[in-house]
Amino acid sequence: MTKFKLTLFAFLTFHAGIAQIIDSGEFTIGETLQIVSEALGENRTINLYLPASYHDDTLHTYPVIYLLDGSKDEDFIHIAGLVQFCSFSWINIIPESIVVGIANTDRKRDFTYPSMSEDDRQEFPTSGGSQNFINFLEKELQEIIAKNYRLNDQKTLIGQSLGGLLATEILFKHPGMFDNYIIISPSLWWDDERLLSRNIAPLTSPVKVYVGVGKEGEVMERVAVELHEKLQQHQNQFDVHFRYFENQNHGDALHLAVYDAFEKLFKKGLEEEN
């Protein structure tokens with residue numbers, strides 16, 4: 001286990017009008033784990049953000065947010081910062097939470113199930129390994145995090161683009177695996193959109209789902225709407241929310257969408273608790 005190091009900070013002093021560095025140190029925002037995965041047959045890097053209170057109150061337990069595309073040069077830093085901001089007491093949108101960022105090795109392999117489309121297979125020659133990744137997520141990673149960190153029973157999954165495809169696959173096949181799903185710009189065009197026609201596995205208790213999409217073209221926007229409509233047909237299983245971000249595109253919708261999702265999925269319940 002190593003510390004997750006973001007950048008350097010410096011203490012400055014002034015001498016004859018010139019600023020000088022008198023000390024420097026590492027600015028740590030979390031931890032980085034290296035996990036040996038039998039399901040994937042490789043080592044995986046996991047980045048963790050721990051709330052500021054984590055080491056102060058050793059009896060408190062925390063919700064956990066699993067973030068796909070969670071390496072330091074993908075979405076980990078800005079989503080961890082958003083979690084910190086939304087959990088400030090004067091903001092009070094979400095409870096203090098642990099973020100588990102899963103760094104990629106081959107996202108085209110891990111986030112896609114086998115496609116019947118020849119075009120898909122030619123464009124993504126390593127594709128089709130999502131079941132192994134789901135096994136890793138469910139049977140290895142979640143058990144490691146639960147064993148080594150203080151968690152409560154609330155689990156959230158965030159996935160965007162191909163990560164949104166995977167999040168949708170988990171939602172349809174193993175809906176009880178998470179309590180909240182934040183699915184942004186899902187690549188449901190995969191396999192000629194066949195996932196949308198799949199039956200959804202039954203649930204014993206409802207889960208919350210947020211679907212968001214930006215101005216991303218007819219196909220991406222349509223399949224996101226169809227996902228929302230499909231989930232609405234199962235209101236006994238899903239508390240579902242949808243938003244179209246007309247001023248964002250596929251590249252920049254995620255941050256605003258996750259903020260909106262936190263408000264829609266968590267804020268009311270947190271206000272009621274307080």
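The values are calculated or read from the model by the stated rules, or taken from the named source; none is laboratory data. Since the structure is predicted, the reported quantities are computational estimates derived from the model, not experimental observations. Every residue, glycine among them, receives a Cβ derived from its backbone with ideal geometry; neighbour counts consider all protein chains shown.
Scanning the stretch 196-221 for residues that are of a type in the set (Lys, Arg) and surrounded by fewer than 15 Cβ atoms within 10 Å (Cβ to Cβ) yields a total of 2.
Just to be sure I understand, how many residues within the stretch 222-247 are surrounded by 20 or more Cβ atoms within 10 Å (Cβ to Cβ) and under 26 Å from SER87 (Cα atoms)? Number satisfying all stated conditions: 2.
Within the stretch 253-274, restricting attention to residues that are acidic (Asp, Glu) and at pLDDT 95 or above, the residue that is nearest to the chain's Cα centre (by Cα) is ASP260.
Does the stretch 70-83 contain any residue that is β-branched (Val, Ile, Thr), out of contact with any Phe, Trp or Tyr (no Cβ under 8 Å at 6 or more places or on another chain) and under 15 Å from ASN152 (Cβ atoms)? No, the stretch 70-83 has no match at all. Restricting SER53, SER87, SER71 to those that are surrounded by 11 or more Cβ atoms within 10 Å (Cβ to Cβ) and touching a His at 6+ places or on another chain (Cβ under 7 Å) reduces the list to SER53. Could you identify the single residue in LEU82, LEU33, LEU40 that is of a type in the set (A, V, I, L, M, F, W, C), in a loop (DSSP other than H, G, I, E, B) and surrounded by 13 or more Cβ atoms within 10 Å (Cβ to Cβ)? Exactly one residue qualifies, and that residue is LEU40.
Based on this model, can you work out whether SER115 counts as in a strand (DSSP E or B) and over 23 Å from TYR149 (Cα atoms)?
Here the answer is no, as SER115 does not meet what is asked.
Results for (1) touching an Asp or Glu at 6+ places or on another chain (Cβ under 9 Å); (2) without any contact (Cβ under 8 Å) to a residue 60 or more places away in the chain; (3) of a type in the set (A, V, I, L, M, F, W, C); (4) under 25 Å from PHE266 (Cα atoms), shown as yes or no for each residue.
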{"site": "ASN104", "(1), (2), (3), (4)": "yes, yes, no, no"}
{"site": "ARG107", "(1), (2), (3), (4)": "yes, yes, no, no"}
{"site": "SER117", "(1), (2), (3), (4)": "yes, no, no, no"}
{"site": "GLU138", "(1), (2), (3), (4)": "no, yes, no, yes"}
{"site": "ASN152", "(1), (2), (3), (4)": "no, no, no, yes"}
{"site": "GLN160", "(1), (2), (3), (4)": "yes, no, no, yes"}
{"site": "GLY163", "(1), (2), (3), (4)": "yes, no, no, yes"}
{"site": "HIS174", "(1), (2), (3), (4)": "yes, yes, no, yes"}
{"site": "ILE184", "(1), (2), (3), (4)": "no, no, yes, yes"}
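Just one of the listed residues (THR112, THR45, THR61) is within 22 Å of LEU196 (Cα to Cα) and modelled with pLDDT of 95 or more, and it is THR112.
If I ask for residues that are on the phi > 0 side of the Ramachandran plot and touching a Gly at 6+ places or on another chain (Cβ under 8 Å), which ones from the stretch 40-92 would you list? Within the stretch 40-92, ASP69 is the sole residue that qualifies. Checking each residue of the stretch 108-115 against the condition of being within 14 Å of TRP190 (Cα to Cα) and over 20 Å from the mean Cα position of the chain (by Cα) gives at least one match. If the condition is being within 23 Å of GLY128 (Cα to Cα) and either in contact with a Cys (Cβ under 6 Å, 6 or more places away or on another chain) or among the polar types (S, T, N, Q) (or both), then the stretch 151-181 contributes GLN160, SER161, THR168.
Residue-level analysis places ASP179 among those that are surrounded by 14 or more Cβ atoms within 10 Å (Cβ to Cβ) and acidic (Asp, Glu).
Screening the candidates SER161, SER127, SER115 for the property of being of a type in the set (Ser, Thr, Tyr) and on the phi > 0 side of the Ramachandran plot yields one hit, SER161.
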